[in-house]
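Q: Can you keep this structure in mind? I'll have questions shortly.
The values are calculated or read from the model by the stated rules, or taken from the named source; none is laboratory data. Predicted model, so just to flag it, every value in this text is computed and none were measured. No Cβ is skipped: glycine too gets one built from the backbone with ideal geometry, and neighbour counts run over all protein chains shown.
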2 protein chains.
Amino acid sequence: MVYSSDATLDALFHALADPTRRTIIRMLAEGPRGLGEVSASFPISSVAVSKHVRTLEAAGLVTRQVQGRSHFCRLEPMALLTAHRWLQAYEGFWTERLDALEDLLGEMKRESGPP
Amino acid sequence: MVYSSDATLDALFHALADPTRRTIIRMLAEGPRGLGEVSASFPISSVAVSKHVRTLEAAGLVTRQVQGRSHFCRLEPMALLTAHRWLQAYEGFWTERLDALEDLLGEMKRESGPP
DNA sequence: TTGACAATAAACCATATGGTTTAATATAAA
DNA sequence: TTTATATTAAACCATATGGTTTATTGTCAA
């Protein structure tokens, strides 16, 4: 198992905790975009969007390629894997609950049963 | 597909973005604990821990059962499923990358090949 | 060379966050 | 009935956050 430091997870989950940043991620999942284009799709200032992108970069979720005066942003999905792995450690707990729920539903069906 | 509101994801990822709160989660994954016991295992004040637990409750990650003057906390793993599902939407992206990496490694092995 | 344009830096603001200490509240035990 | 215990409420503090507006900086185009 690969462990990620607290600081990494802090930055990662913090980056994901903002709706604007999650929207940027969804946007970049469709392909790399210029910062200008990203910025234009939000009702906040380009300065604010720029900061959000920096936060995403700090979390390793986005990388940037500068070309003249345009900056291109690319999603780094491997960073999401880190969060996914953290959650996977608890996967057993919810599947357990889902299974219990399924069993319960099965019983209810049998009880109200086929006439 | 079940969608979770922005506010839900905000609260959830924010709750996960703090190392103390993640430790509380790990602790409660072993079974329900009294708030006192949880509190005692951190170097911060019980008031601070209490606030963290409230944050976890707000995110739906923990529920509390009051028994006299003791409060018992229980992990609610289904809340984690919400975060997991959000991440799953991007699962394809990183598996793609992992596959590419695997292919590359395979090629390198073949090239340095069996003599 | 002179503007226009894309992006950041700096300064600023209101609010949120994570922590503290000191009441206050409710329950258990003496 | 006191007194001790478990927890929260309130007030406070330093710093972080998400936003703004106004310089700056660097690059492309006229």
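Q: Mind listing whichever residues of the stretch A:77-109 are in contact (Cβ under 8 Å) with a residue 12 or more places away in the chain and more than 9 Å from chain B (Cβ to nearest Cβ)?
A: A:82, A:85 - these are the residues of the stretch A:77-109 that are in contact (Cβ under 8 Å) with a residue 12 or more places away in the chain and more than 9 Å from chain B (Cβ to nearest Cβ).
Q: Restricting to the stretch A:83-97, and then to whatever is at pLDDT 90 or above and of a type in the set (Phe, Trp, Tyr), can you tell me which residue is nearest to the chain's Cα centre (by Cα)?
A: A:86
Q: Shifting gears a bit: Taking helices (runs of 4 or more DSSP H) that do not extend beyond the stretch B:1-51, which have at least 3 residues that are free of Cβ contacts under 8 Å to residues at least 12 places away in the same chain and more than 10 Å from chain A (Cβ to nearest Cβ)?
A: The helices (runs of 4 or more DSSP H) meeting that bar are B:35-40.
Q: Looking only at the stretch B:52-78, which residues are part of a helix (DSSP H, G or I) and either surrounded by 14 or more Cβ atoms within 10 Å (Cβ to Cβ) or in contact with a Gly (Cβ under 9 Å, 6 or more places away or on another chain) (or both)?
A: Selection gives B:52, B:53, B:55, B:56, B:57, B:77, B:78.
Q: Failed condition for residue B:13, given (1) within 26 Å of residue A:31 (Cβ to Cβ); (2) within 13 Å of DNA strand C (Cβ to nearest atom); (3) among the hydrophobic types (A, V, I, L, M, F, W, C); (4) touching a Pro at 6+ places or on another chain (Cβ under 7 Å), with all others met?
A: (4)
Q: If you don't mind, there's one more thing I want to ask. Which residue out of A:36, A:60, A:31 is within 12 Å of DNA strand D (Cβ to nearest atom) and either among the small types (Gly, Ala, Ser) or touching a strand residue (DSSP E or B) at 6+ places or on another chain (Cβ under 8 Å) (or both)?
A: The unique qualifying residue is A:36.
Q: Would you tally the residues in the stretch B:16-37 being aliphatic (A, V, I, L, M) and within 13 Å of DNA strand C (Cβ to nearest atom)?
A: Here the count works out to 3.
Q: Shifting gears a bit: Against the conditions (1) surrounded by fewer than 11 Cβ atoms within 10 Å (Cβ to Cβ); (2) over 22 Å from residue B:92 (Cβ atoms), where does residue A:41 fall short? Just the number, please.
A: With respect to (1) surrounded by fewer than 11 Cβ atoms within 10 Å (Cβ to Cβ); (2) over 22 Å from residue B:92 (Cβ atoms), residue A:41 is out only on (1).
Q: Let me ask something else about it. State whether the residues of the stretch A:67-75 include one that is facing chain B (nearest Cβ under 10 Å), without any contact (Cβ under 8 Å) to a residue 24 or more places away in the chain and within 23 Å of residue B:85 (Cβ to Cβ).
A: Scanning the stretch A:67-75 turns up no residue that is facing chain B (nearest Cβ under 10 Å), without any contact (Cβ under 8 Å) to a residue 24 or more places away in the chain and within 23 Å of residue B:85 (Cβ to Cβ).
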